[in-house]
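Nothing in this text is a laboratory measurement; each read-out follows from the coordinates by a stated rule. Note that this is a predicted model, so its numbers are computed, not measured. Using ideal geometry, Cβ is built from the backbone for each residue, glycine included, and neighbour counts are taken over all protein chains shown.
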Amino acid sequence: MILKDEAIALRIHPFGNTSRIVVWLSRTHGKLATLAKGSQRERSGFLGQYDLFYTCELLFYAREQRNLHILKECCPVEMRPAFRTDWRACAAASYAAGALDRAMPFGPAPAALHDLLKDTLDRLAARTPGPAFLPRFELRLLQELGLSPGWDACARCRADLRGSSARLDVAHGAVRCEACAGGQGALVSAAALEAIRRMRGETLPASLPERVFREVRTIMGGLLEHHADFSPRSREVAFQVLAAG
Ligand SMILES: [Zn+2]
């Protein structure tokens, strides 16, 4: 069966001397791997048609019983050339694509995960953002994976948490009011809760006070570490390069 999809290249591996395996996050078929046969040959029709973080239109032979499909045609839709010259944006793009890659198994996935990565890469390619960009990406990733706690009300008594501090139970992914938590869990300040609530909106907060930023970064890191198989080292690098601007 030949399928068509729009997909973002997450990873590229050599396969033999002249072929490549490309791992994609596609809009309608989730995460998939394709074999680009002979793509490194001089006259290959694949030359220049795909690269890391490109969005491409794909035609591929789907092999139902296999995880590796055969790429038939590939045409770039969005090449995001900024990643060739802006190393800071490229490091952040690597982290974002890698985080999705590690958090997702091969197979179908909600289109929202593709759209989150597309939006993240487009923004990074347009303009290197400030450090608050990454915690917001992580918050949205946790939400789309269904791993984000509720930030508005206590997970136990449903008390409104606005204006007060709370406790985060990382292992259960739950935020509770101080009374219900009984001192258990990591303290989350009212300011950090408010910042997280604002980060869920369409527009990125212009800036966060350093103390709040650090707190939010720690909260997201704890949740990702516990619930998604992510790499703390590449995360550290991505945060450092964005902070360096
Ligand atoms: Zn409560």
- Query: Helix 133-144 versus the longest principal axis of the chain: what angle, 0 to 90°, nearest 10, using Cα atoms?
  - Reply: 90
- What is the calculated FRET efficiency for ASP51 to HIS226, with r their C-beta to C-beta distance and R₀ = 41 Å, to the nearest 0.05? 0.80
- On Cα atoms only, tilt of 87-103 relative to the major axis of the chain in degrees: 90
- Item | Mean ellipticity per residue at 222 nm, deg cm²/dmol - from DSSP H runs of n ≥ 4 across the chain, formula -39500 (n - 2.57) | -11500 deg cm²/dmol
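Quick one: VAL188, VAL77, fewest Cβ neighbours within 10 Å first, how do they rank? List each step's numbers first, then the result.
Working: VAL188 23, VAL77 12.
Arranged by neighbour count, lowest to highest, VAL188, VAL77 become VAL77, VAL188.
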- Query: At q = 0.10, 0.13, 0.18 Å⁻¹, what base-10 log of I(q)/I(0) does the Debye formula yield for the stretch 86-243 when every alpha carbon is treated as an equal point scatterer in vacuo?
  - Reply: -0.35, -0.59, -1.11
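At 10 °C and 1.306 mPa s, what whole-number value in µm²/s does Stokes-Einstein give for the translational diffusion of the stretch 2-78, with Rh from the Kirkwood sum over Cα pairs? Present the calculation step by step, with values, prior to reporting the outcome.
Working: Rh = 12.1 Å.
Here the translational diffusion coefficient equals 132 µm²/s.
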